[in-house]
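Structure, as structure tokens:
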Amino acid sequence: MPEITFHGHSCFVISGNEGSVIIAPFLTGNSMADIKPEDVSVDAILVTHGHGDHLGDTLEIAKKTGTLVVAPFELAIYCELKGAPKVHGMHIGGSHNFDFGWVKLVPANHGSAFIEDDGSIVYTGNPCGYLVKIDGKLIYHAGDTGLFGDMKLWGDLYNIDVALLPIGDNYVMGPEDAVVAAGFLKSKIVVPMHYDTFDLIKQDAEKFKKVVEEKTSSSCRILKPGESLNL
């Protein structure tokens with residue numbers, strides 16, 4: 001059965017018998033990260049959008065290891081142009097069976113652009129969330145997003161085992177909206193992410209957990225960097 005390990009901010013490794021992926025590998029410059037790029041050994045890197053705190057160390061890892069980068073099409077092409085040796089571009093609503101498991105791109109209400117060293121902005125297509133099935137367990141990584149009604153549709157269509165939801169507010173959903181999202185998704189477990197990395201997104205995760213378990217059918221697990229959840 002798969003294991004989900006948190007590495008700070010929105011970065012998770014999902015590993016199982018079928019294979020493993022890292023999502024949003026923001027490690028360098030992330031005060032919460034418990035691992036370094038050179039510690040990463042996975043079958044694929046899943047990137048939700050082009051912001052630096054999600055694209056993160058994708059290119060460094062991909063160049064050094066040859067790891068496949070999966071991303072929205074424009075972002076995948078950007079990574080390829082920057083030297084990633086293997087990319088797989090997708091678009092919202094599309095799914096694909098990889099050797100490590102099944103992946104489906106779903107919408108996220110956010111932006112997607114990378115700021116180059118010279119200050120120029122490169123737009124990298126639509127942001128996304130991911131549905132990832134490994135070893136028969138379905139994990140939803142929301143990416144950076146606000147609350148929106150389609151989350152209820154996914155809760156009706158899919159039997160989600162774990163929902164990884166941002167709660168930091170300002171750039172993404174705050175805790176109150178994330179509780180509503182948890183109710184829409186009806187996942188067995190909710191794990192908060194994208195909070196406490198810096199002062200502007202500080203949140204009380206224990207309070208969020210309490211409200212989720214009072215108002216929804218989901219249980220809530222708070223993971224510290226380096227901690228794992230076994231499904």
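Bear in mind that the values in this text are calculations on the coordinates, not laboratory data. Model, not experiment: these values are computed from the prediction. So basically every Cβ, Gly included, is an ideal-geometry build from the backbone, and we count neighbours across all protein chains shown.
As a ratio to 2.2 N^0.38 Å, the alpha-carbon radius of gyration computed for segment 89-231 takes the value 1.07. Normalising the average separation of contacting C-alpha pairs (under 8 angstrom, six or more residues apart) by the number of residues puts the relative contact order of segment 166-224 at 39 percent.
What relative contact order, as a whole-number percentage, does the chain give when Cα pairs under 8 Å and 6 or more residues apart are counted?
Relative contact order comes out at 18 percent.
How tilted is helix 175-185 with respect to the longest principal axis of the chain? Cα atoms for both, answer in degrees (0 to 90, nearest 10). Around 90 degrees separate the two axes.
Each of Lys86 and Asn230 was given a label point 7 Å from its Cα along the Cα-to-Cβ line. The distance between the two points is 2.9 nm. Which of rounded, prolate, oblate describes segment 192-231, given a ≥ b ≥ c as roots of the alpha-carbon gyration tensor eigenvalues and a/c under 1.5 marking rounded, otherwise prolate only if a/b is larger than b/c? Because a/c hits 1.5 or more and a/b fails to exceed b/c, segment 192-231 counts as oblate.
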